[in-house]
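What follows draws every value from the coordinates through simple rules; no lab data is involved. Since the model is a prediction, treat every value here as computed from it, not as a measurement. Glycine gets a Cβ as well: all are built from the backbone with ideal geometry, and neighbour counts include every protein chain shown.
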Amino acid sequence: MFRHRGKNRTYFHNLELASALSFVAGIVNIVGVLSIKILTTNITGHFAFFSEEVLLKNYYIAFIYLLFILSFLAGAFTSSFIVELSFDYKKIRPHLIPLIVEILILTLMGFSDFRSFGIAVSPHIIACFLLFTMGSQNALVTRVSQSVVRTTHLTGLFTDLGIDLSKLFFEKREVIHRQIKKNIILKVVIIICFFSGCILGGFLYKIFHLKTLLFTAGLLAFIVRYDRVLYRYYVLRRRLRKKNEDR
């Protein structure tokens, strides 16, 4: 999912990446809305609210929306910076540190709902942390997939999907027509997985509340190990096949 970069990445790698991380983003999105009434996977609406509060001279509230915007930006910057820095160290997988940071933040935010520990975290702080993780995830996925996949918001996806659907009516070359269809499938998968994450996250939130974020942290931890587990599976399968051939 993350091991292959550049020309080594295939359509299937991007499909795996898109489905897994858009599902995570969907859960984070609905948990943010239900728990703190704030969108935490994109900043489009926050720009509108920021402008409105500035016009109304509610500068404190405007500053909070500015913090939301900057938190998403900080996440994207940090993730990309770490990936760029990690390229110089061959022993460190570039995607690993941003994902571990995201897991730690989501775990921390999940535990912030445990009233028995006496932890009381401001909704605005929770929103900033969640926006940071989604900015980080979006930048990471964009870098790894070479701008093919984005998983935290759907505005651009629906725009690109509309463009690709229109191209089907005019493109006659079979090779390009086939590629357009693959692009459409990829975008539809992201939308479905994001929506599925929202639905499942909504059901989980009824039971676990903000602790639902612990589920997303666990899912990301599995994603971190996925490539290695899959690699070991293929190695084991080759060994078993070789043994059978030797017999």
Subject >> Selection from Leu154, Ala48, Ile190 lying farthest towards where the dipole of the chain points positive, charges on Cβ >> reply: Ile190
Original post:
If a helix is a whole DSSP H run, which ones in the chain reach 18 Å or further along their own axis (Cα) and hold a mean Kyte-Doolittle hydropathy of at least 1.6?
Top reply: 59-86, 96-111
Subject >> FRET efficiency for Phe81 and Leu104, using Cβ-Cβ distance with R0 set to 25 Å, rounded to 0.05 >> reply: 0.90
**OP:** Would you mind computing, in nm to one decimal, how far apart the modelled labels at Ile207 and Phe47 are, each placed 7 Å from Cα along Cα→Cβ?
**Re:** 3.9
**OP:** Show me 24-33, 162-171 ranked by packing, highest mean number of other Cβ atoms within 10 Å first.
**Re:** 24-33, 162-171
Original post:
Hey, can you rank 43-49, 16-22, 184-190 by average C-beta count inside 10 Å, highest first?
Top reply: 16-22, 184-190, 43-49
Original post:
Once fully extended, how much extra length lies between Glu171 and Ile125, figured as 0.36 nm per residue of separation less the alpha-carbon to alpha-carbon distance?
Top reply: 11.7 nm
Original post:
So which of Lys37/Lys211; Lys187/Lys211; Lys57/Lys211 end up more than 26 Å apart, counting from Cα to Cα?
Top reply: Lys187/Lys211; Lys57/Lys211
Original post:
When the chain is fully extended, how far beyond the present Cα-Cα distance does Arg225 get from Val148, taking 0.36 nm per residue of separation?
Top reply: 25.5 nm
